[in-house]
């Protein structure tokens, strides 16, 4: 049974939004949407066919906390998971879920999916991944410090919460879907790295043995590579950027210096026709730094390049367009959203000018 005494008594302090997952998403037709929690609801900006942006449009939420996790499946449906204080007024929260089926269309009504501890204070930030069958899997640190998961059923509705066990885990885990369409979750403790992985479709994810490592919490990011295996990136306590990919038999490998202390963003895109992994982190200068290398070839190292102006806070997400080019969105100082794209026809990783959309 979870030890509730280990749970924080309230949501994390501060008014700036916390975002997990791909909060910029691409629709089947190639247009992008950006999602942001604001004033107790989620708002969305939508790219037009001509490349302009409309919004923000409210997707509701009914008093959401300033947090949002976003996951997208191969069907391009967008799953939104938020945290909402319960009506009891005692500091308890519940997880709520909505889904957008088509770009620019209204999202489904927000529906509560409860909490792994029933009635509980904030225990961690949910992460969401979608399997090959389009079923959302929502993970959250539970009151005992381990991980719990709730997954959608084939015929609608949700399975009960699964206690996946663990202890003292990172409050912001990273969820991914591997090349076989199975869901994986990566997190850390003060002892090392933890991986939870499905062994077959629809199965309860299984916790693997802890792997000793020094991990800085709240820096985790995952990418599914061309081999179909997931790679976890994080900052270690010595300030190094580390990659770990158990499916590739890659032990935790430091391959660069981190440029900052905050979260890492990661994706794959095409650079000069090559499949590359791109990483982003806010540098100590306050500017956004990017680095790229041929996917799954960490032994070559990376070099960081800074872009944009310095800001007190930068939360960045990376993705790619239908042609495989990089697309980036940054939330500046908790309120202003900027987007940019990889320049067409340019050699190397060159970006267009940053564009404010809201």
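When DSSP beta bridges are limited to those with both residues in the stretch 15-212, what percentage is antiparallel, rounded to the nearest 5?
On the way: 55 of 59 bridges.
Taking every DSSP beta bridge within the stretch 15-212, about 95 percent pair in antiparallel fashion.
How big is the stretch 217-261 in terms of Cα radius of gyration and Dmax, in angstroms?
Taking only Cα atoms of the stretch 217-261, I get Rg and Dmax of 10.6, 30 Å.
At q = 0.10, 0.13, 0.14, 0.15 Å⁻¹, what base-10 log of I(q)/I(0) does the Debye formula yield for the chain when every alpha carbon is treated as an equal point scatterer in vacuo?
Rounded to two decimals, the profile gives -0.56, -1.01, -1.20, -1.42.
Relative contact order of the stretch 15-212: what whole-number percent is it, with Cα pairs under 8 angstrom and at least 6 residues apart?
Relative contact order for the stretch 15-212 comes out at 13 percent.
Rg (Å, one decimal) plus Dmax (Å, integer) for the alpha carbons of the stretch 199-358?
When restricted to the Cα atoms of the stretch 199-358, Rg and Dmax are 16.1, 46 Å.
Hey, could you pull the Cα Rg and Dmax for the stretch 15-212, both in Å?
Gyration radius and largest Cα-Cα distance of the stretch 15-212: 16.4, 50 Å.
Expressed in nm², what is the orientationally averaged projection area of the convex hull enclosing the Cα positions of the stretch 119-189?
Numbers: hull surface 19.2 nm².
Result: a mean projected hull area of 4.8 nm².
Readers should treat all values here as calculations from the given coordinates under stated rules, not as data from a laboratory. What you see is a predicted model, and the numbers here were worked out from it, not measured in a lab.
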